[in-house]
Amino acid sequence: MPRFPIPAQSYAQLRLVASPQRADAPEAFADEIWDTQTFVNATTLQLTYFQQPSNDKTLTNIDASAQLAQPQYFVVHYVAVDLLFPDISTAATGVGNLSDVHKLINAARATITFSVATKPYGPWRVRSCHSGGAPVGFGWGQAPAAPNEQQYGHIGPHDGGFCVNGGIIIPPSTNFAAVMSFAAVQTLNTNNLPIQVSLYGVRYRKVG
């Protein structure tokens with residue numbers, strides 16, 4: 001069960017928080033920004049994120065190309081990477097989703113570099129940017145004629161990702177990007193795998 005503080009506050013304090021009295025006092029709330037790019041099998045060496053809005057908000061929720069609209073700010077606390085496997089892999093070869101995770105973070109030694117106004121942060125190893133969430137469970141099966149293996153996998157525990165602890169701030173109308181790089185071309189079991197990068201933090205915006 002989620003844990004959060006329950007402070008005693010007066011109605012005056014609540015009104016002040018809900019509607020700041022100063023025009024330059026924004027509201028602040030926990031939020032996330034995400035974008036998805038496709039790893040093209042046996043081809044991709046680099047992916048660039050947060051560059052283009054999409055009508056499909058499940059793939060990206062940015063509203064402008066590589067920028068936040070005025071007068072929004074976003075303080076980044078965690079960076080997470082999720083591999084969006086279309087299904088649990090089933091094979092008798094021992095090659096599947098889990099081996100694809102290994103190829104990307106170990107064999108390809110994937111890294112991610114974040115930048116704001118072309119100022120770089122990182123690179124960080126993708127293996128440190130743990131998944132924001134993934135299916136949790138277990139399944140196994142065996143075909144009558146031959147052994148059958150099922151695999152699922154994700155990057156590390158679900159702890160929010162790589163912690164930058166508020167050390168990166170994205171101002172409004174300022175270009176930002178994340179670039180994921182791979183040391184070598186990889187041939188995955190999953191063809192053309194969508195890879196999602198998420199930023200977790202605090203969004204500041206105008207009240208009303």
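None of the figures in this text is laboratory data; all of them are computed from the coordinates on show. These figures come from a predicted structure and were not determined experimentally. Positions of Cβ are generated from backbone atoms using ideal geometry, with glycine treated the same way; all protein chains shown enter the neighbour counts.
Cβ crowding within 10 Å, taken as a proxy for footprinting-reagent exposure, orders Lys206, Lys103 from fewest neighbours to most as Lys206, Lys103.
Net charge within 15 Å of Pro194 by Cβ-Cβ distance, Lys/Arg positive one each and Asp/Glu negative one each, not counting Pro194 itself?
Values: positive: Lys57; negative: Asp35, Asp56, Asp82, Asp87, Asp100.
Cβ neighbours under 15 Å give a net charge of -4.
The ranking of Phe39, Phe29 from fewest to most other beta carbons within 10 Å of each one's beta carbon is Phe29, Phe39. Residues with beta-carbon under 11 Å from that of Ile105, excluding Ile105: net charge, scoring Lys, Arg +1 and Asp, Glu -1? Summing Lys and Arg as +1 and Asp and Glu as -1 gives +3.
How large is the dipole of the chain about the Cα centre if only Lys and Arg carry +1 and Asp and Glu carry -1, each at its Cβ, rounded to the nearest 20 debye?
The calculated dipole for the chain is roughly 520 debye.
Counting neighbouring Cβ atoms within 10 Å and putting the fewest first, the residues Phe182, Phe85 line up as Phe182, Phe85.
With a cut-off of 14 Å between beta carbons, the residues surrounding Phe29 carry a summed charge of 0, where Lys and Arg count +1 and Asp and Glu -1.
Amide H to amide H, with H built 1.01 Å from N, Ile155 comes under 5 Å of Leu83, Ser131, counting only residues 5 or more places away or on other chains. A straight Cα-to-Cα reach below 26 Å connects Lys57 with the lysines Lys206, residues fewer than 8 places away in its own chain not being considered. Taking the helices alone, the chain has a mean residue ellipticity at 222 nm of -1500 deg cm²/dmol, built from -39,500 (n - 2.57) per DSSP H run of at least 4 residues and averaged over all its residues.
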